[in-house]
Amino acid sequence: MNSMDIRCNDIIQGDTQGPSAVAFISYSSLGNIINATFFEEMDKKDQVYLNSQVVSAAIGPKRNVSLSKSVTLTFQHVKMNLSTKKVFCVYWKSTGQGSQWSRDGCFLIHVNKSHTMCNCSHLSSFAVLMALTSQEEDPVLTIITYVGLSVSLLCLLLAALTFLLCKAIQNTSTSLHLQLSLCLFLGHLLFLVGIDRTEPKVLCSIIAGALHYLYLAAFTWMLLEGGHLFLTARNLTVVNYSSINRLMKWIMFPVGYGVPAVTVAISAASWPHLYGTADRCWLHLDQGFIWSFLGPVCAIFSVNLVLFISVFWILKRKLSSLNSEVSTIQNTRMLAFKATAQLFILGCTWCLGLLQVGPAAQVMAYLFTIINSLQGFFIFLVYCLLSQQVQKQYRKWFREIVKSKSESETYTLSSKMGPDSKPSEGDVFPGQAKRKY
């Protein structure tokens, strides 16, 4: 009940004369000898066990040949009652220091209660290792994630409505903040409702691809904010503000939504099977596929850091040599401080995610979860609640709501009295005093 799919061209091996062969061997008891204790990534906290027969694959007459396409191996489970969270596709790796099970070049495609499918880029001896669910999710982290993301969603929605409706702050920077807020809102919402929907596999892959796109788009809009801020600061020395605005309006949507789309399209076309894991609808860690997300994020973080340092250098020179435009410079400086804080809030959270290894993994996991789930609250706080223009608009809206409510109550009272009714001599309306004639 184990099988292997391999391309015929890989068996024939080009111009090789004579017969060609492929061998697929299943060992009934070899797994009792080279068991899970030989796994190179064995964690003492995991209860890892071998849940398939050991199989070997080879082609001839040449033994060491490169495959044009990965082979697909299907293993039947020894234990059918699957109560695991981690599944490892492994091969028997021989080195000068000894032999052990290794995941290099092998990755999981699909797993159910009875079978596991793996892709491997080479031929060797293979097996399936599984880890028992001793590593349960931390319920505190789960609560923090859901509560924090719910608060973040509410704040992002309020921020987006503010950016749309508050005319006093509408400009190119506000448009960039709006698109960033929308991408984060959709990404967090999809994360909440779809990150655990691992079945069916196609749906999980679509969710993983959508999350990849939305979070990449959010970072791309953050890069555009950094570029716009740098051009604004540079405008203090070169008077070309109108051309800067025209340039940003022309490129921001193609870049903000087009570049992430191209990145995800290339990733999905090249490695479609690496979208979605056995327990999460996110990017696979095998073959370094996670770097299709972390690579652009690190690049954007680095570029923005250089841009912001340049902005502060420009502002420092202008403040020391110019007094007539102090208000403009200070506004730009405040925007730079806000954008820099945003860079570290959005960018450093993923750095914390990378540091979730070793003895400090638990602390890093809590920091990552708390900061990452409150990104929306930070955006609403910095760009709305701490903005004087937005505060004035909020007070204006509040007064209009109170006034509208008061007029509504007065109209209701008048309707109850009727058009022909007249107040008696003793009636006094609120705020009105009796007059004596």
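Under a 5 Å amide H cut-off, with hydrogens placed 1.01 Å from N, residue 128 pairs with 51, 52 among residues at least 5 apart or on other chains.
In sequence order, what are the phi-derived ³J(HN,Hα) couplings for region 185-190 according to the Karplus relation 6.51 cos²θ - 1.76 cosθ + 1.60 with θ = phi - 60°, rounded to whole Hz, with x for glycine and proline? Working through the residues one at a time gives 4, 5, x, 5, 5, 5 Hz.
3J(HN,Hα) along region 215-227: 6, 5, 4, 4, 5, 5, 5, 5, 5, 5, 4, x, x Hz, from the Karplus curve 6.51 cos²θ - 1.76 cosθ + 1.60 with θ = phi - 60°, whole Hz, x for Gly and Pro. Within the full protein context, the accessible area of residue 313 is estimated at about 150 Å² for a probe radius of 1.4 Å. Legend: calculated FRET efficiency, residue 391 to residue 279, from the Cβ-Cβ distance at R0 = 51 Å, rounded to 0.05, equals 0.70.
From the alpha carbon centroid of region 386-406 to that of region 268-309 is 42 Å.
Among the trypsin sites (Lys or Arg not before Pro) in region 92-155, those placed in a DSSP loop whose Cβ has at most 15 other Cβ atoms within 10 Å are 113. Per residue, the Cα convex hull of region 90-178 amounts to 240 Å³.
Around the amide H of residue 86, modelled in the peptide plane, lie the amide H atoms of 131, all under 5 Å away and 5 or more residues distant in sequence or on another chain. Sorting 180, 158, 67 on solvent-accessible area from highest to lowest, probe radius 1.4 Å, gives 158, 67, 180.
So, with a 1.4 angstrom probe, what is the percent of accessible area on region 105-214 that is carbon and sulfur?
Carbon and sulfur atoms account for 71 percent of the accessible area of region 105-214.
The relative contact order of region 87-177 comes to 21 percent, based on Cα pairs under 8 Å that sit 6 or more residues apart.
Measuring with a 1.4 angstrom probe and ignoring ligands and nucleic acids, residue 146 comes out at about 90 Å² accessible. Karplus-derived 3J(HN,Hα) values for region 257-267, using 6.51 cos²θ - 1.76 cosθ + 1.60 with θ = phi - 60°, are 10, x, 4, x, 5, 5, 4, 5, 4, 5, 5 Hz; glycine and proline are entered as x.
The values are calculated or read from the model by the stated rules, or taken from the named source; none is laboratory data. The structure displayed is predicted, hence computed values, not measured ones. Note: ideal-geometry Cβ built from the backbone for every residue, glycine included; neighbour counts use all protein chains shown. SASA here: full protein model, heavy atoms, side chains in, ligands and nucleic acids out. Shrake-Rupley method; radii C 1.70, N 1.55, O 1.52, S 1.80 Å.
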